[in-house]
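Working notes, structure below.
The values are calculated or read from the model by the stated rules, or taken from the named source; none is laboratory data. Treat the numbers as computed from the prediction; the structure is a model and nothing was measured. Virtual Cβ from ideal backbone geometry, glycine too; neighbours counted across all protein chains shown. For accessibility, only protein heavy atoms count, side chains too; no ligands or nucleic acids. Shrake-Rupley method; radii C 1.70, N 1.55, O 1.52, S 1.80 Å.
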Amino acid sequence: MVTVWMRRAWDRLAPEPDPQALQRGFFDRYAGRSLIVHEGFPEGWLGKLVHEPGGGGHFRIDATQPAFRPDTPARRLYPVQWLVREHILPLDLPRPVLVKVEGRDHLRARHLRRHGGICDPAEVGMILGDMTERPHVLLYPEGGGFSVDWVLDPEDNLVDTPYGLI
């Protein structure tokens, strides 16, 4: 009981998080990497993904966890939780969302929905490559947040290949 009381007191007394420090912390950890923000996968999908070349290298962020709920105090968020909660989820892209962190310059985001469901795990590598030219969204660091530049309509889920758009 004392622990719950102390936690509630800390939540009220703790200083507000510094968005610029959270942004710096995020880029320090994830620059040059990719994230998949999801709400669960179909059975066997993740197992197939990790067997694809580079498929095990994505950080997987489960957006159903308590840190992503609006009632969780922002004072307790890690930088990646702050980014997902405050900047990726509000984009309202269908999930899962693939996020490529391009150094400290910008983020590219593209959903992984194709053909009425989640894409095949073998397509993730193609989509990651296509995101260089055709992301759904570009996010540029600005102050303690991000400016958003929409590139593709969220309904556009075609992938550009050497054989054309598929």
Loop-resident sites, segment 112-166, for chymotrypsin sites (Phe, Trp or Tyr not before Pro), counting at most 16 other Cβ within 10 Å (DSSP): TYR163
Label of the coordinate-derived value, P(r) over Cα pairs in 10 Å bins from 0, in percent, listed as (1) 10, 34, 33, 19, 4, 0, 0; (2) 11, 41, 36, 11, 2; (3) 9, 37, 33, 14, 6, 1, 0: (3)
Protein accessible area in the chain, 1.4 Å probe - carbon and sulfur %: 52 percent
Under 20 Å from the ALA122 label point (7 Å along Cα→beta-carbon), backbone N, segment 14-50: 42-50
Degrees between helix 2-13 axis and first principal axis of the chain (Cα, 0 to 90, nearest 10): 80 degrees
Protection proxy ranking of 46-59, 103-116 - average other beta-carbon atoms within 10 Å, highest first: 103-116, 46-59
Theoretical gain in end-to-end length, VAL50 to ASP62 [0.36 nm per residue, Cα-Cα removed]: 2.7 nm
Degrees, to the nearest 10: 19-30 long Cα axis against longest axis of the chain: 50 degrees
Separation in nanometres of the label points that stand 7 Å from Cα toward Cβ, at THR3 and ARG24: 3.3 nm
